[in-house]
Structure formats: C-alpha cells, structure tokens
Ligand SMILES: *[C@@H]1O[C@H](CO)[C@@H](O)[C@H](O)[C@H]1NC(C)=O
C-alpha cells in the first residue's frame, strides 16, 4: 500500500471510530443554531463588477461608499446606481500583471486589501493588506503608503483587520499568522498554528507593540463603544477574545463569546453591539479537525487540494451566518441563509441606517439586507 493510501485509510478508520455515534451526513452538515432566523436569503445583491472577494466594507465620514478591497488588490468605491463602482485606491505600485479578478499566486505582488477603516478625524483610509502590511491613503485615494510593514524585526505575514481608537490615536490590528500567508489560510486552521497576534500601533510615536500572542488564526478586530476593551476573533477555536484596555482588569484576556462557527470580521453598530460574520458554521467534523491538528496535518499530507480542504471544513452545503453580540458577549441574534440561496462565506457585516451591508471574501458581490 502506498503511504498516501495508508494515511487515507488510517484517517478514515479513525474518523469512523470517533464519529461512529453520528449519522455520517450530519458529520459534514452545518449545525442548526437554536433561535436563528433563516432570513438572509432576502438580501439584495450588489455585484462588484469585474472583481471578486469584497472582504471588508467601510463608509466614509460623509456616508459615502461603501468602499471595499477586492481580490485583485484594488479598493473600489460604490458611487450609487448611476456611476456604479469606481477605482479608489490600491496598495501596490507594481500592478501591470494584476489583470485577473482572482489570482492568489500574485497576491503578494498586487496586494490583498482585507480590513478597512476610516480615521474619522483625518478622513484617511487605513488598509490592512494581507501581504503588504498596514497602509494608509488620503481621502482622494490613489496609491496607499506604508504605515507598518514589520514587527519585532520580522515582516508582517498575514495582516488581517483593524480598529482605530481616535481618542488614543492608536490602531489595533491583527497578523493572522507569522508562518502562513493569506492564500494558505486553510493551513492556518488545519495545522494547529497559534502564531497569530494582536498589535497596537501608536500614530504619534510610530511604535508597534504586540499585545497578544499565540492566537489560533487572529482575525477580526473591534473596539468597544467606550474603548474599555478590544475584541479579537480567534477563527480556529470559534471564539471571540476580549482584551481589557482600561480599568482593574487592563491587560487581561477573557473569552468574550463562543460561536457556532468560524468568525471572520467583527463590526460594532451604533448601539455598541457587535456583528460577527461567520465564514462558515462548524460542522462536527470541522470542529473536530480544527481542535485535532494531527488530523488536519494528515489531510494536508494526503494532498487534499484547497477546494477539498475548504469544503470539508466549511461543510458540504454553502451557507451564510451572522451573529449579533451584546456588549457583554451574549448572543442577541443569529441571521442565516441556511441554504446559501443568496449569500455564502460571508466575511463582514456592517450595520448602517437599518441595513446590513454584508461582505464576502470569496463571492463576486455584497449583500444588502433590510433589518
Ligand atoms: C513586479 O511584479 C512582477 C511579477 O508580476 C515581478 O516579476 C517584478 O519583479 C516586480 N517588480 C518590482 C519592481 O517589484
């Protein structure tokens, strides 16, 4: 028997033993979430023409936009039905080969903008580019300039998301892994990598400080309304971590919420509640494999391709789920498109004027859902 086949047989046998008490289909099925509303299929679709993967969405201080970063490295701005999407900014100056909507092998050249946030005081747009670090561009757009490219003498590997504290003049941001890059995000999840970090960039001193280490896929970031704590999504463990910034517990970390799936970005609404987009709900298999790195490593060794790895973790039925959390981390609402009729693999939910603007790292559109 060749080693690949042997490994596959071993994995299957172990799975069969581990899950013998489950119905095999249920193993890969996204779970039912009690109290959730299967309403998101009613969202209106806004196509991002000629582009895919609008991962994060942000409106400027005048309510213009949204702006979104897409897979070919551009940041686009929605100018309304008449004008549609216009090119606003980019993070790389070497864009001559960045002509295909989706070319993961060129992401380190073209840039891959993920988290976006406006500094309300200056009107500048800050960009967490997965490959090129933290960048900034003025309100007129164009080529973004570097803000942070390395931390503790090492280049950032997988910059992911941020939030800005205007009072303190600092930016809290994540690097998902010090080992893997964005196009290898399934490896972060499956290999048991815990090299994710939360950092703080001080705009006046230009200093970067690591606040939290050893995070298993550090992802979305959001400050509380009063600035007393910052949340970080820990994707692999399906948790939201809370780091106290002020008060007697300053510097301590708590688990803020445990979620029914893998969290991506977190965005606060005007009431101080948090919307968390789940990339996918965690099937029994996904939860098991993400907490047993040996199994994930075995799948990698067998040579599963990206699609196989992704669907084994994201479930055999594509779907969308968003969770609203209170300031204390209680689940207030779960909205879903259980069948993936309209939305799937969502990455961010931004609430504005009674609507949810819903982004996706993989789809060629955003969704607009009226609350
Ligand atoms: C620009 O990108 C191409 C790949 O598309 C690369 O071969 C080349 O070295 C890059 N040039 C610079 C100046 O970085």
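The values are calculated or read from the model by the stated rules, or taken from the named source; none is laboratory data. Worth saying up front: this structure is predicted, and the values here are computed from it rather than measured. All Cβ positions, even for glycine, are placed from backbone atoms using ideal geometry, and neighbour counts span all protein chains on display.
Does residue 132 satisfy the criteria of being surrounded by fewer than 16 Cβ atoms within 10 Å (Cβ to Cβ) and within 16 Å of the ligand (Cβ to nearest atom)?
No: the conditions fail for residue 132.
Quick test for you: out of 174, 237, pick the one residue that is more than 30 Å from residue 106 (Cβ to Cβ) and either buried (at least 24 other Cβ atoms within 10 Å of the Cβ) or out of contact with any strand residue (DSSP E or B) (no Cβ under 8 Å at 6 or more places or on another chain) (or both).
Of the residues listed, the single one that is more than 30 Å from residue 106 (Cβ to Cβ) and either buried (at least 24 other Cβ atoms within 10 Å of the Cβ) or out of contact with any strand residue (DSSP E or B) (no Cβ under 8 Å at 6 or more places or on another chain) (or both) is 237.
Taking the conditions exactly as written (at pLDDT below 95 and within 21 Å of residue 279 (Cα to Cα)), does residue 103 satisfy them or not?
Against the criterion (at pLDDT below 95 and within 21 Å of residue 279 (Cα to Cα)), residue 103 qualifies.
I want to confirm something. Restricting to segment 182-208 and keeping residues that are modelled with pLDDT of 95 or more and in contact with a helix residue (DSSP H, G or I) (Cβ under 9 Å, 6 or more places away or on another chain), which single residue is surrounded by the fewest Cβ atoms within 10 Å (Cβ to Cβ)?
195
Got at least one residue in segment 329-341 being closer than 30 Å to residue 100 by Cα, crowded, with 21+ Cβ neighbours inside 10 Å and touching a residue at least 60 places away in the same chain (Cβ under 8 Å)? Explain how you work it out, then say what you get.
To start, the set of residues in segment 329-341 that are closer than 30 Å to residue 100 by Cα comprises 337, 339-341.
Still in the list and also crowded, with 21+ Cβ neighbours inside 10 Å: 337.
From what's left, touching a residue at least 60 places away in the same chain (Cβ under 8 Å): 337.
Yes, there is a match, as at least one residue in segment 329-341 is closer than 30 Å to residue 100 by Cα, crowded, with 21+ Cβ neighbours inside 10 Å and touching a residue at least 60 places away in the same chain (Cβ under 8 Å).
Taking only segment 270-289 into account, find how many residues are touching a helix residue (DSSP H, G or I) at 6+ places or on another chain (Cβ under 6 Å) and closer than 29 Å to residue 2 by Cβ.
The first filter runs over segment 270-289 and keeps only residues touching a helix residue (DSSP H, G or I) at 6+ places or on another chain (Cβ under 6 Å), leaving 280, 284-286, 289.
Subsequent filtering for residues that are closer than 29 Å to residue 2 by Cβ retains 285-286, 289.
The number of residues fulfilling the criteria is 3.
When residues of segment 295-320 are filtered for being over 30 Å from residue 42 (Cβ atoms) and touching a residue at least 60 places away in the same chain (Cβ under 8 Å), how many remain?
Matching residues across segment 295-320 total 11.
Which residue pairs have Cβ atoms closer than 6 Å, lie 6 or more positions apart in sequence or on different chains, and pair a first residue in segment 89-114 that is closer than 21 Å to residue 347 by Cα with a second residue that is part of a helix (DSSP H, G or I) and more than 9 Å from the ligand (Cβ to nearest atom)?
Listed by first residue and then by second, the contacts come to 104/183; 107/183; 112/182.
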